[in-house]
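**Q** One structure follows; several queries about it will come next.
The values are calculated or read from the model by the stated rules, or taken from the named source; none is laboratory data. Keep in mind that what you see is a predicted model, and the values were worked out from it rather than measured. Ideal geometry is used to build each Cβ from the backbone, glycine not excepted, and the neighbour counts take in all protein chains shown. All accessible areas refer to the heavy atoms of the entire protein, side chains included, with ligands and DNA or RNA removed. Shrake-Rupley method; radii C 1.70, N 1.55, O 1.52, S 1.80 Å.
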Amino acid sequence: MPSLLVIIPLLAVLLLNLPLNFLRRLALPAAVLFAVYQALFAMQLLPASCTACPTHERWFVNVLDPLTSVLLLAIAVVAFASVFVLHATASDEKHGFNAFNLIFLAVAGMNGLVMVRDLFSMYIFLEIASVASFILIAAQRDMGGLEGAFKYLVMSALATMMMLASIALLLAYCGSTSFMVVAEALHAHGSHGYLLTAVGLFLGGLLIKSGIMPFHGWLPDAYAAAPAAASTLIAGIVTKTTGVYALIRLVLHVFGPSVAVQQLLLIFGAISVVAGALAALGQSDMKRMLAYSSISQVGYIVMGLGVAGAANKFAAELGVAGAIFHLFNHAIFKTLLFVNAAAVEKQAGTRDMNQLGGLAQKMPITGLTSLLAMFATAGVPPLAGFWSKLLIIAALWLAGYHGYALLGIGASLLTLAYFLSLQRRVFFGLLRAGCENVREAGWALTVPSLVLAAILLGVGVALPWLIGSFLLPVKGF
Amino acid sequence: MDPNLKTELLANVILMAAMLLGGLATVMLRQLVKAAIALAFTSVVLCILMFKLAAPWAAVFELSVCAGLITVVFISAISLVKPATEEERAAHMRFKVRRYFLLPLVLLTVGCGLSYMTVRPLPVVAGAELITDMRILLWGPRALDLLGQILVLLAGVWGVVVLFKEEK
Amino acid sequence: MLLVVAVPVLGAILLPLVGRFCTCTRNTLALLMVLASLAGSLMLIGPVMSGQVIHLDFPTGFGHMMLLADRLAVFMALVSSLVGGIIVFYSWGYISHYENQNEYYFLVVLFLGAMMGLVFAANLLVLYIFWEITAIASWRLIGFFRSPAIVLRADKSFLVTFFGATMMLLGFIMVREQAGSWDLPTIKAALVGHPLTNMAVAFILLGILSKSATLPLQTWLPDAGVAPSPVTALLHAAVLVKIGVYAYARLFVVNMPMPEIWHTIVPAIAATSALVAAGAALLETDLKRLIAFSTISQIGFIFLGLSVGGELALAGGLLYILMHGVAKGGLFLCAGIIEQNTHCKDITKLGGLIKTMPVTAIAFLICTFSVIGIPPLGGFFSKYMVIAGAAQGPHLWIVLTFVGTAFLTIIYLMRVFVLVFMGEPKTKLEPEGSPVMVWSVALLALLSIAGGLLIYYPSLFATEATRQILGLIP
């Protein structure tokens, strides 16, 4: 029952807030249980995911196609990790409990977002996740958090305004906001000025939401200033569903990958990939570096999506599969990196990379898992990130975008460069004075790290056998 | 041109100008209470425009929620706040003038430009009539959105709890 | 054959766990794993020499993920696991006074396992994956001592090789576009009569050159000399740099025909690289950097042998891989003994060490002779075959360059020997290294002699492998 994925978190929030004290302590087990349930639910759909599974219910009819299933799985995994981080880093019980509620709400919003097939409903669920994120970012009420939340809020308001205007235009002309009707209308009268405006506005809004360069101004502040659990959730999955997933879904199934859209995606994707990586090179705050890296990686996804309408059908399929797979991978490895950043910040008391050094000796699990996550990000085999990048680059090349392919592959060198610099300054190298008393983080941070790293390694090693049948059906690669 | 249409047009232009002025005043006014009232005024004008554009349901919501409820909440919240000193106000005013003086000009130019653009009409897709009855619209195909709105409201409640509740 | 790859790769993961309980068991286990690879490769000699080509297929989404053993692969596997085994043995002595030993053994064994995987790979993606695993392992190993300057150099080497590797991957994608498959046998069949595009060759060559530290991507190799000596031996001499050479043979000589022009360009690159590196070696005073430059120079000879075509040169190139691996491994390990005992790598500040380190000195001399190419040591035969084979080709000036480089080799290597071991002592004379280390270098020196005296067997193998490569026999 797909609708349970929205209703259970809602009920959980209501139940946990009954005025009974012992219920508060159930928040972590409840969240973990729900995440596991959702992951199993999504996994069971994956092997059969070549076509949408029929679901007979009122709200979500036939919605469980591969894209949705992959996203549900990613949401479950990231939520799993972030509630652990929350448990480990919450300053006191009350703050922690409030954040638990907000995470539940954000998860409900994201689950709804990936399952709806209607523009307006999509907008509403997108708002749920966003509103919960603003509050999560600002929850500490410190200056940085408020600033980050405010920037996010303003940019997000701009984006939603554009989307809402676009929805209004589309509603006026199509008489409905359901994907099917809008897609048909666009197919019939796609070149009309109004409709083009509508599509452009919506895409613009989504680009802001995804933090694509040059609309990324809010992203580093929001990620870096947020409390650890919030940044894990937001960087890991919230901006990926509210921005990138929506972009993929709409470009593929509603707007159609026309030549103009394709060019737009390729150009903005390429800018993000390169500029994000260059900006990341110059950072000394660990979380800011991760934020810029996130911009760069989202650029890859967008570039992969930009091949979706290529004349070479095989390349188009590869590009889409690569984009979706990279979205999943990105959720995993970026979450892992933020969990690691949380561990470092908690144990060493700072995120400034110039004050850290040699932590791998004191925090072996954090060091090792961060290494795996970084290699996955840079696309080093045999980790999962390698395969998705390979798919994207191959798609770009086969579709004839040779320059973009070269750019993408060159940027992975930049990615490796900034991550090596991070490793050098934080984990690898001699132990820095002042870090002698640092110890490994507790179970609440190491457990999610290990689980996420195992996913990266497992998916990466097993992918050659999975690629034709599981996760993403790509035939004949 | 038909004189009726002419008055109609004139009324529309006046109303839009009033709305624009109200919005500007909201941003520019230095006292929060006055800004809140200006916002209410803007909402009222917008509401009249919506009535004229044959969208009574939207107008009613705009009037009751935006102009009414929100103004009350704002004013009650503002009454809890300490006023700023004279110098702070002056500095803030200078900053705002510097920042916003071009805005009306830009808006006017864009608006004029847009009004001269002619767009060929697009045939409405057949078979999908707008549902005009609010009850059917809300409880029929849009029930899911209501659920979503409940969730948004809950998130907002936690926002108030987390961000504005005083620590004991 | 699967075991040859799987034992070290999977076994490596065990090592840190075992090392928590007992360092001795871990060290033995590490050596045993490498020896298992060696034994597995030895067992493959029989079937392969009788003309068989052994396949191992796993049908996957990327074509048949195959491992494949032909004579070339088995030859290379033997060389790597032999030298690798001796280096692991040497490590028992060398590495025993440093921290992070668990990580060290894990990475070394993983590295050798990945090398085995690379050697037997019959699919471009499999090859690439193992290629990168070796890069990761060598990054960590070069940065083993962890001071900021050292880690910086490790990062540099990783970035240079990763740059090459990504370019190579793009080249592989082009091959995939042209031939429609990632599997080498399928590609070979598809490309008969249609040479690769120039662009694909250029991109793949960038990867190969970066890995085997040939001009213009050679700079990381001398810098990597900051690693522990067994690692430098492993990387520079025996295994890592040979990956590039092997990939060249596997890809361009065996499977994918190149456009004609590259048969001139590659020898020219090799000649430039050999000459420039030899010149740099003449001026260098740091012992390990000097030997590293010598490696770059010698790699040029191997490339020459593989790229000019012709049976003699090709067989010479393969033999060169073996002889150079053994001899240069010996040189690096000797340098390790000297460095560890005197804490000095500057050859102008050393002297007279032959008095207290006779075994090391003699082993160093023998290995030097082998690298120089003095009969009856192994290095002579390989060098002779390469140059003689190349002389049959059309590029006389390239051959002359190489002959000149060979003379330079004599000068710079003898200069090292004389400065370090002869003359008056300039530092406090230190005793020999630990027995394990001395035995290792002695063993490598003996192998160099044996390689010359018993040249029949390796050269038979190399010649047979060449004949199989060129398709003279099925």
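**Q** Compute for chains C and A the buried accessible surface, both sides summed, probe 1.4 Å, and express it in Å² to the nearest 100.
**A** When C and A are taken together, about 3400 Å² of accessible area is lost.
**Q** Can I ask one more? Modelled label-to-label distance, residue A:25 and residue A:430, 7 Å Cα→beta-carbon offset: nm?
**A** 4.8 nm
**Q** Related question: Averaged over peptide A:174-183, how many Cβ atoms belonging to another chain are found within 10 Å of each residue's Cβ?
**A** Mean number of neighbouring Cβ atoms from other chains: 3.
**Q** Taking R0 as 22 Å, what's the FRET efficiency between residue C:460 and residue C:396 from their Cβ-Cβ distance, rounded to 0.05?
**A** About 0.15, to the nearest 0.05.
**Q** Could you pull out every one of the lysines with an alpha carbon less than 18 Å from that of residue A:313, ignoring same-chain neighbours closer than 8 positions?
**A** Partners found: A:475.
**Q** Of C:207, C:143, A:205, which is farthest towards the positive pole of the protein assembly as shown's charge dipole, taken about the Cα centre with +1 and -1 on the beta-carbons of Lys, Arg and Asp, Glu respectively?
**A** The Cα lying farthest towards the positive end belongs to C:143.
**Q** What percentage of the solvent-accessible surface of the stretch A:93-175, computed with a 1.4 Å probe over protein heavy atoms, is contributed by carbon and sulfur atoms?
**A** Looking at the stretch A:93-175 in its full context, I get 75 percent from C and S.
**Q** Here's another thing I want to ask about it. Return the value, in Å² to the nearest 100, of accessible area buried between chains B and A (probe 1.4 Å, both sides summed).
**A** Roughly 3100 Å² of accessible surface disappears when B and A pair.
**Q** Also: What does the average come to when, for each residue of peptide A:394-402, you count the partner chain Cβ atoms lying within 10 Å of its Cβ?
**A** Counting Cβ atoms of other protein chains within 10 Å of each residue's Cβ and averaging gives 2.
**Q** Restricting to Cα pairs below 8 Å that are 6+ residues apart, what does the relative contact order work out to for the stretch C:328-394? Please round to a whole percent.
**A** Averaging sequence separation for qualifying contacts and normalising by length gives 25 percent for the stretch C:328-394.
**Q** Classify the stretch A:244-299: rounded, prolate or oblate, from the alpha-carbon gyration tensor (a ≥ b ≥ c, eigenvalue square roots; a/c under 1.5 rounded; otherwise prolate if a/b is larger than b/c)?
**A** oblate
**Q** Report, please, the projected area of chain C averaged over directions, based on the convex hull of its C-alpha atoms, in nm².
**A** If you wrap the Cα atoms of chain C in a convex hull and average its projections, you get 20.0 nm².
**Q** Once you've got the Cα coordinates, tell me which of A:209/A:389; C:288/C:426; C:328/C:349; C:188/C:328; A:240/A:389; C:156/C:288 are over 26 Å apart.
**A** C:188/C:328
**Q** Counting only other chains, and only Cβ atoms inside 10 Å, what mean value do you get across the residues of A:405-413?
**A** Taking all residues of A:405-413 together, the mean is 4.
**Q** Right, next: Quick check on packing: order A:347-356, A:222-231 by the mean number of other C-beta atoms within 10 Å, highest mean leading.
**A** The packing order, highest mean first, is A:222-231, A:347-356.
**Q** A further question follows. Pairs of Cα atoms under 8 Å, at least six residues apart: use those to get the relative contact order of chain A, whole percent.
**A** Reported relative contact order: 15 percent.
**Q** Also, quick follow-up: What does the helix-only formula give at 222 nm for the protein assembly as shown: each DSSP H stretch with n ≥ 4 adding -39500 (n - 2.57), the total divided by the residues, and the result rounded to the nearest 500 deg cm²/dmol?
**A** -24000 deg cm²/dmol
**Q** Give the calculated FRET efficiency between residue A:165 and residue A:402 to the nearest 0.05, with a Förster radius of 41 Å applied to their Cβ-Cβ distance.
**A** The pair residue A:165/residue A:402 has a calculated efficiency of 0.65.
**Q** Let me ask another. Hey, got the dipole for the stretch B:6-113? About the Cα centre, +1 on K and R Cβ, -1 on D and E Cβ, debye to the nearest 20?
**A** Using only the charged Cβ atoms, the result is roughly 260 debye.
**Q** Any idea what diffusion coefficient the stretch A:301-412 gets from Stokes-Einstein, in µm²/s, Kirkwood Rh on alpha carbon pairs, 20 °C, 1.002 mPa s?
**A** The Stokes-Einstein estimate is 141 µm²/s.
**Q** Run the numbers on the stretch A:129-151: which residues show a drop of 10 Å² or more in accessible area, chain on its own versus all protein chains together, using a 1.4 Å probe over heavy atoms?
**A** Checking the loss per residue gives A:131, A:135, A:138, A:139, A:141.
**Q** So, by mean Cβ neighbours within 10 angstrom, what's the order for C:315-321, C:368-374 with the highest one leading?
**A** By packing density, highest mean first, the sequence is C:315-321, C:368-374.
**Q** Per residue, how many Å² of accessible area does chain C show with a 1.4 Å probe?
**A** Ligands and nucleic acids excluded, the figure is 32 Å² per residue.
**Q** Let me ask something else. Once the Cα gyration tensor of the stretch C:245-373 is diagonalised, what are the square roots of 5 times its eigenvalues, in whole Å and ordered largest first, as equivalent ellipsoid semi-axes?
**A** 34, 15, 10
**Q** While we're here: Please list B:39-47, C:417-425 highest first by mean number of surrounding beta-carbon atoms within 10 Å per residue.
**A** B:39-47, C:417-425
**Q** If you don't mind, another one. Can you give the FRET efficiency to the nearest 0.05 for residue C:374 and residue C:32, using r as the Cβ-Cβ distance and R₀ = 41 Å?
**A** Efficiency for this residue pair is about 0.70.
**Q** Could you tell me what percent of the accessible area of the stretch C:50-90 is made up of carbon and sulfur, with a 1.4 Å probe and every protein chain present?
**A** C and S fraction of accessible area: 68 percent.
**Q** Could I ask something else about it? Pairs of Cα atoms under 8 Å, at least six residues apart: use those to get the relative contact order of the stretch C:80-207, whole percent.
**A** 21 percent
**Q** If a/c stays under 1.5 just call it rounded; otherwise compare a/b with b/c (prolate if a/b is bigger, oblate if not). Do that for the stretch A:366-467, with a ≥ b ≥ c from the square roots of the Cα gyration tensor eigenvalues.
**A** Oblate, since a/c reaches 1.5 and b/c is not below a/b.
**Q** Still on this structure: What nm distance separates the two modelled labels at residue B:31 and residue C:432, each placed 7 Å from Cα along Cα→Cβ?
**A** Spacing of the two 7 Å Cα→Cβ label points: 9.9 nm.
**Q** What distance in nm separates the simple spin-label points at residue B:14 and residue A:33, each placed 7 Å from Cα in the Cβ direction?
**A** Spacing of the two 7 Å Cα→Cβ label points: 6.5 nm.
**Q** In whole percent, and with a 1.4 Å probe on the protein chains, what portion of the accessible area of the stretch B:1-71 is carbon and sulfur?
**A** Roughly 80 percent of what the probe reaches on the stretch B:1-71 is carbon or sulfur.
**Q** Would you please calculate the Kirkwood hydrodynamic radius of chain A over all C-alpha pairs and express it in Å, rounded to one decimal?
**A** It works out to 22.1 Å.
**Q** Compute from the Cα atoms of the stretch C:233-285 the Rg and the Dmax, the latter being the longest Cα-Cα distance, and quote both in angstrom.
**A** 14.0, 42
**Q** I would also like to ask the following. Straight-line reach from residue B:34: which lysines fall under 24 Å, measuring Cα to Cα and dropping same-chain residues less than 8 apart?
**A** Cross-link targets: B:82, B:96.
**Q** Let me ask you something else. Once you order the gyration tensor axes a ≥ b ≥ c over the Cα atoms, which shape class does the stretch A:200-282 get: rounded for a/c under 1.5, otherwise prolate or oblate by comparing a/b with b/c?
**A** oblate
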